[in-house]
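Read the structure below first, then the notes.
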Amino acid sequence: MKKSHFIVTLLFCMTILPGCVDRKVIDDVNIATGIGIDKSGNQFLGSIMIPVFKPDKSFGNFTFVSKGNVIRDLVAEMQKKASQPIVSGSLDIALFGEDVAREGLIKTLDVFLRDPSVGARVQLAVVDGKAIDIFKGRYGDRGNSQYLTQLLEHNMNQQNLPITNLHRFLANFYKRGQDPYLPMLKKSNHNLVTITGLALFKDEKVVDILHENKMFYFKLLVDNHILGVVKVKEAHGESTVKSIGLKKKMRLIRRDPYTFSIKIKLKGDLTEHQERMLKEGEIRKVEKQLAKQIARECKMLIEDFQRKGIDPVGFGHFAKSRTRSFDFKRWNTEYKNAKFKVSADVHLIGHGVVE
């Protein structure tokens, strides 16, 4: 084919192909940016958050609400109330009341799995209370969806919340030898939402809540790269350390009983000290104290998970990857009897305002 004929053919294809796409004009649809699922008696109570773009370029929020026995019925009922179609291609966050999460999430999440317009990076969270109550608040000047999404992402990237989203939750759920977890949110007042901890799952049901003061140590165990903040108490007062780097090495050193070695190397900045300026030798004492604190708290966390029969760190998956003919039927018993050796090394490379 001559070059001129090829160009003509290409232009012709570009002209007719767009006509095959189901196009939606943004002003002619209701864009769902958040969805909430609660329980109301024996039924589900669904809420969908729609951003409202005002003439003065500010944001408002509108929420559709409906009840039903099946999750897909909720959306169908909301469509009956909407003057324009509700579309989910821009969904940012999905919230689940704690009562729903304790009954099981996978059937609820089925609606997301079957909708190709929903991305795998949608943020999920469990609510201490009702999801609809959080949607009824008014947060910031960019809309509720932006506030809630940025609240989670900021705390994942800069604070003590482990990285989670729809993709990671489902990966941990379907991965044998590891249990999933999600952030726990609570409405503080009409203008604020607080992260209060982590909802820990066994299979698809919430069985325990990890308090926020334990999240830093949990994040050390499950994330590969970490920025977070921790307080350390020693003889010269209380210090605040911001972690800026993490190296972690896990080894399986025995199989009868299963014995794991976890070595944590943390780099950080000493950003604050309670009483006075610390001298060079005293900085080293803070490092040693924090190393002991990390080793102790991480081991206590793991042993608590053992007692409760949950494995959010993924020791079962790790043992399987290093054991030929691994038997998951025996693992539940072997996990309860497993031993863990946790050690930590801390190096403070910056002394911040106390230097």
**Asked** Taking 0.36 nm per residue of separation and subtracting the Cα-Cα distance, what length does fully extending K205 through S325 add?
**Response** 40.3 nm
**Message:** Rounded to whole Å, give me the distance from the Cα center of the stretch 132-192 to that of the stretch 196-247.
**Reply:** 16 Å
**Item:** Kirkwood-based Rg to Rh ratio, the chain, C-alpha trace
**Value:** 1.07
**Request:** Leaving ligands, DNA and RNA out of it, report the carbon-plus-sulfur percent of the accessible area of the chain at a 1.4 Å probe.
**Result:** 51 percent
**Prompt:** At each listed q (0.17, 0.27 Å⁻¹), what is the log10 of I(q)/I(0) that the Debye formula gives for the stretch 285-341 modelled as equal alpha-carbon point scatterers?
**Reply:** -0.62, -1.10
**Prompt:** What length, rounded to one decimal in nm, is gained on full extension from I349 through to A120, with 0.36 nm per residue of separation minus their alpha-carbon distance?
**Reply:** 78.7 nm
**Fill in**
Between the modelled labels at I86 and V29 (7 Å from Cα along Cα→Cβ) the distance in nm is 1.5 nm
**Asked** Can you flag which of K299/K320; K39/K214; K231/K263; K54/K186 are past 26 Å Cα-Cα?
**Response** K39/K214; K54/K186
**Complete:** DSSP beta bridges in the stretch 32-109: the antiparallel percent, rounded to 5, is 80 percent
**Asked** Out of the DSSP beta bridges found with both residues in the chain, what percent are antiparallel (nearest 5)?
**Response** 70 percent
**Request:** Over the chain, average the accessible area per residue using a 1.4 Å probe and give it in Å², no decimals.
**Result:** 54 Å²
**Message:** If I stretch the segment between R176 and Q43 completely, what's the gain in nm (0.36 nm per residue apart, minus their alpha carbon distance), one decimal?
**Reply:** 44.7 nm
**Asked** How many nm is it between the label spots at K249 and Q159, if each spot is 7 Å from the Cα in line with the beta carbon?
**Response** 3.4 nm
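The values are calculated or read from the model by the stated rules, or taken from the named source; none is laboratory data. Since the model is a prediction, treat every value here as computed from it, not as a measurement. Cβ sites come from the backbone with ideal geometry, for glycine too, and all protein chains shown count toward neighbours. Quick note on the areas: whole protein, heavy atoms, side chains included, nothing else; ligands and nucleic acids left out. Shrake-Rupley method; radii C 1.70, N 1.55, O 1.52, S 1.80 Å.
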